Amino acid sequence: MSALNAESTAFRSALDAVRAVEPRIADAIAKELTDQRESLKLIASENYASPAVLLAMGNWLSDKYAEGTIGRRFYAGCQNVDTVESVAVEHAKALFNAPYAYVQPHSGIDANLVAYWAILADRVEAPALAKVQKRNVNDMTDAEWAELRAAFGNQRMLGMSLDAGGHLTHGFRPNISGKMFDQRSYGVDPATGQIDYAALRTSAQEFKPLVIVGGYSAYPRKVNFRIMREIADEVGATFMVDMAHFAGLVAGKVFTGDFDPIANAHIVTTTTHKSLRGPRGGAVFCQPELSDQVDRGCPMVLGGPLAHVMAAKAVAFAEARRPEFADYAQRIVDNSQALAAGLTSRGATVVSGGTDNHLVLIDVDKYGLTGRQAEQALLDSGIVTNRNSIPQDPNGAWYTSGIRIGTPALTTRGLGTGEMDQIAELMHTVLTSTKAGASKAKFDLATAVSDRVSKQATELLADFPLYPSVDLG
Ligand code: PLP
């Protein structure tokens, strides 16, 4: 059976089985494929996982409980889960050249929680236990335990500000990390839109954080993790990097040396589904001295590992170890730079003046629009993006003044720099044709324009079929 037939057959059969129980779910799954095929996906955090990755998830590994770690489970009969997790770890370590990998986190948020608790256990719990000469927390008296719980509170974290591109899990109040840590932010230099390392150093020296977090969701530049590690060492902080967004660029060796988080940080977290192109999930990489604490992720903050997702992670890591993934990673950046150049040459204001990674931030105030208006006008024209705060954003996190666009997904489809210029033209047409309305959410865009751009977007995509091996009939 050819690959085309095998994959079509697999997905068709799966949908038939689902349809027999709940047809609305089968229809929604099939419709999602149609929608994704037809839209110009520029969401920086999304991608298209391979059929092999998707198929690795839809099976009975999902039925198994396997709390614990490889070879040390709290349930019987985990031999196959042990194989799955071992293979995923083997590929993850080789892919990132990491001394230790933990592939159980169910998502990026979970990976960050595992890392935060590992740091707290290493820096707060372990010294407290040594002080009272106990081996574990269960042996502490109530008074000692109360003292330890008090010590956990109010530890300090230095992370990137939200409007500069940081993530909610880097110590912000709507997330539990903001309740666990007293957070101070570092931002970007307003003149360059890039991280001001001298200001970061001064802030770290004043604040004396337990943990410094590098990494971002919406910062379009390379980050010098060597300098950040130096700063962390100077102030005695643990240096953590959340590479959720750019893990694919690390895996594909676009970010090396000073820009490689694994080589520079004590502990690194990631998602597996963004530029890395795997299943939805997370992972943690660390120096060996933190590995015991990281392994306690389950049950500290995680439930039983998702064996079916770990299987898909193993497949994705194996794919990313192939030479063509390095080519893919470089094309992501080439495309994002071509998109930034195409927008800039048409008059757009691109935050920080360009990009070194997979994403571009456009300041839509130039067009008299809020991010919310621009996002919807683009969506109505078949271009899927998301609104995002920009540094010193006057419109806050809900309406925003920015649009974030990213190239991992369209690069997977095979679009190149020529197509990026055409997309810049389509976006330019929509943004210059949209007029702000009576509220920060309302706008006017002639249907003739949105229909024409939608049609052009669909035509552009016609040469780049999504999941060409999958025919649902
Ligand atoms: N960390 C960063 C930097 C992110 O951008 C995100 C998601 O957008 C996450 C963590 C959370 O990932 P998840 O949605 O898998 O929990």
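Quick rundown of the values:
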item	result
Verdict on residue 284 being modelled with pLDDT of 95 or more and within 16 Å of the ligand (Cβ to nearest atom)	yes
Filtered residue count, region 99-142, keeping only those that are in a loop (DSSP other than H, G, I, E, B) and more than 23 Å from residue 45 (Cα to Cα)	8
Hits in region 264-282 (condition: in a strand (DSSP E or B) and out of contact with any Gly (no Cβ under 9 Å at 6 or more places or on another chain))	267
Residue in region 59-70 that is farther than 22 Å from residue 308 by Cα, in a loop (DSSP other than H, G, I, E, B) and away from the ligand (no atom under 16 Å from the Cβ) present	no
Which numbered condition residue 45 fails, given (1) open to solvent by less than 10 Å² (accessible area, probe 1.4 Å); (2) within 16 Å of the ligand (Cβ to nearest atom); (3) in a loop (DSSP other than H, G, I, E, B)	(1)
Identity of the residue in region 134-185, over 19 Å from residue 223 (Cα atoms) and β-branched (Val, Ile, Thr), that ends up least open to solvent (accessible area, probe 1.4 Å)	137
Some residue of region 263-273 being open to solvent by less than 10 Å² (accessible area, probe 1.4 Å), within 12 Å of the ligand (Cβ to nearest atom), aliphatic (A, V, I, L, M) and under 29 Å from residue 86 (Cβ atoms)	yes
Among (1) open to solvent by 40 Å² or more (accessible area, probe 1.4 Å); (2) farther than 30 Å from residue 68 by Cβ - the single one residue 333 does not satisfy	(1)
Number of positions in region 383-413 that are open to solvent by 40 Å² or more (accessible area, probe 1.4 Å) and either touching a strand residue (DSSP E or B) at 6+ places or on another chain (Cβ under 7 Å) or without any contact (Cβ under 8 Å) to a residue 60 or more places away in the chain (or both)	4
Helices (runs of 4 or more DSSP H) enclosed by region 400-473 - at least 3 residues per element that are in the same structural domain as residue 344 (by TED's automatic domain parsing) and out of contact with any Lys or Arg (no Cβ under 8 Å at 6 or more places or on another chain)	417-433, 447-462
Index of the failed condition, residue 190 passing every other in (1) within 14 Å of the ligand (Cβ to nearest atom); (2) in a loop (DSSP other than H, G, I, E, B)	(1)
Check on residue 344, modelled with pLDDT of 95 or more, buried (at least 24 other Cβ atoms within 10 Å of the Cβ), farther than 30 Å from residue 88 by Cα and not basic (Lys, Arg)	no
Positions within region 364-382 being out of contact with any Lys or Arg (no Cβ under 7 Å at 6 or more places or on another chain) and acidic (Asp, Glu), in sequence order	365, 380
Qualifying residue in region 155-172 (condition: outside any strand (DSSP E or B) and away from the ligand (no atom under 15 Å from the Cβ))	no
Residue tally, condition away from the ligand (no atom under 14 Å from the Cβ) and closer than 22 Å to residue 358 by Cβ, over region 198-226	5
Matching option when the condition is over 27 Å from the mean Cα position of the chain (by Cα) and basic (Lys, Arg), among 452, 413, 404, 387	452
Single unsatisfied condition, residue 315 versus (1) part of a helix (DSSP H, G or I); (2) within 20 Å of residue 261 (Cβ to Cβ); (3) of a type outside the set (D, E, K, R)	(2)
Looking only at region 61-74, and only at residues there that are free of Cβ contacts under 8 Å to residues at least 24 places away in the same chain and at negative phi, the one that is least open to solvent (accessible area, probe 1.4 Å)	73
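The values are calculated or read from the model by the stated rules, or taken from the named source; none is laboratory data. Keep in mind it's a predicted model, so treat the numbers as computed, not measured. Note that each Cβ is placed from the backbone with ideal geometry, even for glycine, and that neighbours are counted across all protein chains shown. Heavy atoms of the whole protein, side chains included, go into the accessibility calculation; ligands, DNA and RNA do not. Shrake-Rupley method; radii C 1.70, N 1.55, O 1.52, S 1.80 Å.
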